1. Per-residue Cβ counts within 10 Å, from other chains only, averaged over B:191-198: what number is that?
2. Assuming R0 = 45 Å, can you tell me the calculated FRET efficiency for the pair B:PHE96 and A:LEU4, based on Cβ-Cβ distance, to the nearest 0.05?
3. For every helix of n ≥ 4 consecutive DSSP H residues, a contribution of -39,500 (n - 2.57) applies; sum these over the protein assembly as shown, divide by its total residues, and give [θ] at 222 nm rounded to the nearest 500 deg cm²/dmol.
4. Whole Å is fine, so just give me how far the alpha carbon centre of the stretch B:2-18 lies from that of the stretch A:1-44.
5. Once the Cβ-Cβ distance between A:ASN15 and B:LEU151 is put in as r, and R0 is 56 Å, what FRET efficiency do you end up with, to the nearest 0.05?
6. Under the definition of partner shielding as Cβ atoms of other protein chains within 10 Å of a residue Cβ, what is the mean value for peptide B:25-37?
7. Could you identify which residue out of B:VAL181, B:VAL256, B:VAL48 has the top mean-square fluctuation in a GNM of chain B using Cα springs shorter than 10 Å?
8. Of B:THR272, B:THR149, B:THR160, which is the most mobile in a GNM of chain B whose springs link Cα atoms less than 10 angstrom apart?
Amino acid sequence: MTELFTVLVGLLLLNIVVGLARVLRGPSAIDRMLASEMFSTSAVAILLLMAFILDKHELLDVALVLALLAALTVVTFVIRVWSELEAPKSDNDPGDTLK
Amino acid sequence: MGGVVLVFDVLLAAALIWLAWQATHTPGLFRAVISFIIFGLLMALAWVRLEAPDIALAEAAIGAGATGALLLSALGRLAVTDEAGTPWQERADLTFWIPAGLALLGLLTLAAWYLPSPGLGQEVQASLPDSGVQNPVTAVLLNFRAFDTLLEIGVLLLATIAIWSLGPMPMPGAQAIISPVLPALGRILFPMFALVSIYLLWRGSHAPGGAFSAGAVIGAGGILSILAGARPWLTGSAYGPWRVLLSLGLSAMLAVALGVIVLGQPFFAYPTHLAGTIVLLLELAAGLSIAMSLVALYLAGQPPTHWDGESLRQ
């Protein structure tokens, strides 16, 4: 079972590395933010798997904190960045200028 | 399985270097900020791989959480049209910074090479029973090297005072998207932040956790409730002297440091039978101060003492 977990951890990290292309290419701020949220979720999964592979249960706390704080980042994005983007551009298309 | 572990480490290191490059060199501030947030996330994983779960916890709480919120809010306050930005492409800069960076890397490698190889881990383990806690990191932070922590808490207080002295806090503009989800999210999530924070504070005495991560988590909860429209009541006289909490950590540590002299101990040397209680109380005081400082830093200025409207965004 531990072997399977180790391979899964590797795959999840590979997932993050491939997903970095979305951060690089965008095209919009929302794509980049969602990619970052996906990485948070992957990192939580990696930490949970590592907690059982290494039998270190303190890693569960790290995963807990990471999962909780991922919400803060996305809420800040929606309120402070995304709404600022939407507000002045009501006559144009609703796309954003932040690239 | 060694192969998979090696691939994992190489991928992690390569992604970290690439993200660091992106965060400093990408055109467009939003991309740089996102790269920095992801950098913090992967850095937490790197600390786990380096078998430093305490630092991983702090990095997860401060790097991925509070710093992300700070940077994104700062970005929202800047002019939004920064598509092109100014990528750092002058060759003159690169011809200086690449050799300078390599030289710094060489010096750091040299310094790491000459570190005393067993370190002080053995000594800390040997005197752990006298510290009053079972977690060696907490023992070092709040007992053996409590003086360093005193200075760190002092720096946080100083930063808050410096930011407040810059002027009143900028009021966020009217929200373009009014969502009913947000106040509800703040109301449901804040108790979770508080619960996890108390748990981490309690865990700190025998496992990774402690004042810094607990304070960062509850501080992040405070930032969340401010985002959800809560009033930052730090200076409001109607809400009681909350701002005293900002200096609670520093004053509690100073009181303990000088108080033990009265008991006939040297400066900052706790009596062994009281050490556990003292460390727990100091963690509580420091955690509260750290949380309040994070919220105060996030406000980016002194909050007004009186509020006209019912809520921050009317």
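1. Taking the mean over all residues of the peptide, I get 2.
2. The formula returns an efficiency of 0.40 here.
3. -22000 deg cm²/dmol
4. 14 Å
5. 0.85
6. Counting Cβ atoms of other protein chains within 10 Å of each residue's Cβ and averaging gives 5.
7. Largest GNM mean-square fluctuation: B:VAL181.
8. Highest fluctuation of the listed residues: B:THR272.
Every number in this text was worked out from the coordinates using simple rules, so none of it is lab data. All figures in this text were calculated on a predicted structure; none of them were measured in a lab. Please note: Cβ atoms are built from the backbone with ideal geometry, for glycine as well, and neighbour counts cover all protein chains shown.
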